[in-house]
Each structure stands twice: as structure tokens, then as C-alpha cells.
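Here's the structure we're looking at; comments come further down.
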Amino acid sequence: VYKRQSQTRESREEEDKKVLYFRNLRPTLTESDLEKVLSGYGTVNRITLKPFRGSHACKYAVVEMENGKQAKEILTSTADDIRSLFLEGKELYIRYHQSNEERHSRNPSPASGYQPQKFNSSTHTVPKPQAWPFQDILPPKVLTLDYAKQNWRGFKALPSEKRRSCYQEWLYPLIEKQIGPRLAKRISVMITDFEVMTDEEILQCIEIEQALKQRVGECKEALGEDD
């Protein structure tokens, strides 16, 4: 009985996974092109297709199918019609999409503040900061990285454009150190796209060199700037 209930629950969870995230899509791809291909796998409920922030070299898309079975068929397909959606020579990047809320719920920020996941390391740890104790007190005019970590809950309550501006300011010198100044600004803009990255993931890039290196590499690929 338990095994049957477990299988039923897994089937129901799989059925709920009907939203897909695509990356490395051709820059000339249109929503009509994408729908034409994906409708061969089922009913397309909605499509959001956009260029990466700061780049027109490729696009990403969020697509909702009618059910999880259709989405899974697309996810596992390597057919030519699916390949035709992507930039030549790039990874066929298709994943189940998670909203910011779902990503936060899977890796929630505790009341005591920011606690990022480890990045492929059993030794890396980040000290847990204290929560912002006075929610009605405005942050200082000049926000520092240390202040943001120590008052994480209050920092995340700031408008998205304010947070993005701070992240870009903190990321730029780190990216410049890795790859030089030519692409540093554009890549800092791409990494701070809240439709792609959560606050925790962006902060992880600031704090963990290997995490930033991986994101920078992905952005360079999107810009057609492979080494």
C-alpha cells in the first residue's frame, strides 16, 4: 500500500511539472517559431521569450505545457526540431522551471538571515548574520556588502532596482578581476537578472569564486565570447 501511495504521489508531482525553462535559444527565434515546434508535443498554454539582460546573442524562454507528460517528452527529446531552437554548438539547455518563490521555499532564508547553499565544497561555510532587528529603520544611503549580509531580511525588502544596483557594484570588480574590464559591466547586468537568478544565488556568486566563475562562463557563452 505504501509503495502504491508513493508511486501515486510521484506521478502526481511529475504531472504538476509542466513549466520548462530554455536557455541558449537562437537570437532570431520568435514565440511563433517556438510554439510551432513545441505544439508537436502537446498544447502550449503560454510562452515567455526574452533576450538575456545585457545580451542579444541568445534568448531564454519559460514555457507552460498543458500537462507534465508533454513537458517531460520535450525535456528528454533530442530530436532535430528541438535542436533547431538552439544556437549551433551550444548545450540544449532545458530544465523544469522554478519560480523565485519555489526556489526560496526549497532553500529558505531562516529568520536569522542569509544562509546560502554550499557550492560543490564540503568545507566552504558562510557565517550566519543576524536578522535586521528594527524593520522600521531605513538602511543607510550607502549600502555595503557587509551591511546587506548582516541585515539580509531588511536588504531583501528594498526595491528590486536598488538591490540590483548594489549587486552590480559589488560584482563588477570581481568579474573584472577574472576576465578584465571589457565585458565586466555587461556580465554583471546579466547575472543580476532577477528573472533568472534569486538574491541568494547572486550573493553566492559574490562570496564564492567558483560559483562566479561558472556564471561568468555561461554569460560569455551567451555573448558568443567563448575563449
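So, residue 146, is that one open to solvent by 80 Å² or more (accessible area, probe 1.4 Å), in a loop (DSSP other than H, G, I, E, B) and at pLDDT below 90 or not? No: the conditions fail for residue 146.
Taking the criterion of being in contact with a Cys (Cβ under 9 Å, 6 or more places away or on another chain) and either among the polar types (S, T, N, Q) or closer than 15 Å to residue 81 by Cα (or both), the residues of the range 17-28 that qualify are 24, 25, 26.
Exactly one residue out of 153, 215, 186 is crowded, with 20+ Cβ neighbours inside 10 Å, touching a residue at least 24 places away in the same chain (Cβ under 8 Å), charged (D, E, K, R) and not in a loop (DSSP other than H, G, I, E, B), and it is 215. Number of residues in the range 27-71 that are among the acidic types (Asp, Glu) and in a strand (DSSP E or B): the value is 1. Of everything listed in (1) open to solvent by less than 60 Å² (accessible area, probe 1.4 Å); (2) in contact (Cβ under 8 Å) with a residue 40 or more places away in the chain, the single unmet condition for residue 210 is (1).
The values are calculated or read from the model by the stated rules, or taken from the named source; none is laboratory data. None of the values given here were measured: they were computed from a predicted structure. Here the Cβ is made from the backbone with ideal geometry for all residues, glycine too, and neighbour counts use every protein chain on show. Just the protein is used for accessible areas: all its heavy atoms, side chains included, with ligands, DNA and RNA removed. Shrake-Rupley method; radii C 1.70, N 1.55, O 1.52, S 1.80 Å.
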